[in-house]
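The values are calculated or read from the model by the stated rules, or taken from the named source; none is laboratory data. Just so you know, these numbers come straight off a predicted model, no measurement behind them. Glycine gets a Cβ as well: all are built from the backbone with ideal geometry, and neighbour counts include every protein chain shown.
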Amino acid sequence: MQTNILFFELALTFYAISTVAGAIEIFRKKKATSRAALYLAITGFAFHTINIIIRFYEGGHIPVTTMHESASFFSWCLLILFFFHDFRYKLGLLSSFIMPIVFLLMFSSAAFPREVNESIGPMLQSYWFGIHVIFAFLGDAAFAMAAGIGMMYLLQERHLKSKKLDGIFQKLPNLQVLDEINYHLITLGFPLLTLAMITGVMWANSAWGSYWRWDPKEVWSLITWLIYALVLHLRITIGWRGKKAAILSIVGFAIVIFAFFGVTLLLEGQHTFKAF
C-alpha cells in the first residue's frame, strides 16, 4: 500500500469512529458532553494532513485534480473551519453534526481511483488555478458548516416546541447563538464563493481566452451564488431568520453538493477532467 493511501485509510477510519462516537453522544442522557468525538476527529485530521502533504509533494500541485483528491480536500477544508468554530464558540455537540458530512465526503472520495496525478495539463499550471480552488473549497466548507448548524437549530427548536428540556436540549446552544453562527458562516462563504468565481473567470480567460463559456460547472456555480445571494437578501431585507434561515442553509448546501458531484459526473464540460 502506498504511503499516502495508508494515511488516507487511517484518516477515514478515525473519521468513521468519530462519527459513531458523535451519534452516541447525541443520545447519551448525561448533561455533560464528551470530547471523544472531537479528539478522534483531530487524530484523523492529523493523518489526513499528512496524506495531503504527501500527495502535494508527489504530484507537485494542490491535490484537487481528481475526484478522489477533490472530495478529500473538501472534507479537509471543512474540518479546518470546524475546529476554528468549535474552539471559538465551544459548541459541544457540533462534531455530531459535522463529522457525518466529513465522513461521507471521505467515503465518497474512497470510491474514486486514488492514483496521484503527476502530469497536469497546461490549463492547471496557471497560478489562478491554486487561488481559485482555495477560495472555492473554503467557501463550500463554510456552506457545509452552515448546513450542520442549520440541522442543530431545527433539532433544538423541535425540542423546545415539544417542551423536552432535558437530554440533548441541555447540550445544544440556544437558538439565538445557532442562528448567529449560521448567518456568520453564510456571510463568510458568500464572499469566498464570489472570489472563487472572479478568479475562475480570470483563470478561464488565461486558459481558453474567454472569461465565460457557459460550461455546466460555471452555470451551477452561478446558480449557487444566486441562491446564497437570495438567502442573504431575504435575511437582511425581510428578516428571514431562525427556522427559515436554517432550512435555506440546508437547501443551499444540497445545491453545493450537486454542483460538486452531480455536475462533474453527469454533465459534459470543460471541468470534466475529474477535478471538481
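Key figures for this structure:
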item	result
Hey, Ile181 out of contact with any Cys (no Cβ under 9 Å at 6 or more places or on another chain), at pLDDT 90 or above, crowded, with 20+ Cβ neighbours inside 10 Å and farther than 30 Å from Trp203 by Cα or not	yes
Any hit, segment 41-63, residues being in contact with a Ser or Thr (Cβ under 6 Å, 6 or more places away or on another chain), closer than 21 Å to Leu91 by Cβ and not in a loop (DSSP other than H, G, I, E, B)	yes
Identity of the residue in segment 40-77, out of contact with any helix residue (DSSP H, G or I) (no Cβ under 9 Å at 6 or more places or on another chain) and in contact (Cβ under 8 Å) with a residue 24 or more places away in the chain, that ends up farthest from Phe8 (Cα to Cα)	Gly60
Residue count for segment 1-22, restricted to those that are surrounded by fewer than 20 Cβ atoms within 10 Å (Cβ to Cβ) and more than 11 Å from Tyr39 (Cα to Cα)	10
Selected residue (criterion: modelled with the lowest pLDDT) from residues of segment 73-104 that are over 19 Å from Gly189 (Cα atoms) and of a type outside the set (A, V, I, L, M, F, W, C)	Gly92
Unique residue being in contact with a Leu (Cβ under 9 Å, 6 or more places away or on another chain) and either assigned to a loop (DSSP other than H, G, I, E, B) or not assigned by TED's automatic domain parsing to the domain that holds Pro173 (or both) when the list is Trp240, Trp214	Trp240
Long-range neighbours under 7 Å by Cβ, at least six apart or interchain, first residue over 16 Å from His184 (Cα atoms) within segment 232-255, second surrounded by fewer than 17 Cβ atoms within 10 Å (Cβ to Cβ) and not hydrophobic (A, V, I, L, M, F, W, C)	none
Tally, over segment 102-116, of residues that are touching a residue at least 12 places away in the same chain (Cβ under 8 Å) and in a helix (DSSP H, G or I)	8
Condition met for Asp86 (outside the structural domain of Ala245 (by TED's automatic domain parsing), out of contact with any strand residue (DSSP E or B) (no Cβ under 7 Å at 6 or more places or on another chain) and among the charged types (D, E, K, R))	yes
Check on Phe84, part of a helix (DSSP H, G or I) and under 20 Å from Ile131 (Cβ atoms)	no
Residue tally, condition touching a helix residue (DSSP H, G or I) at 6+ places or on another chain (Cβ under 8 Å) and in a helix (DSSP H, G or I), over segment 87-101	9
Test: residue in segment 49-58 that is under 25 Å from Leu185 (Cβ atoms) and in the same structural domain as Pro113 (by TED's automatic domain parsing)	yes
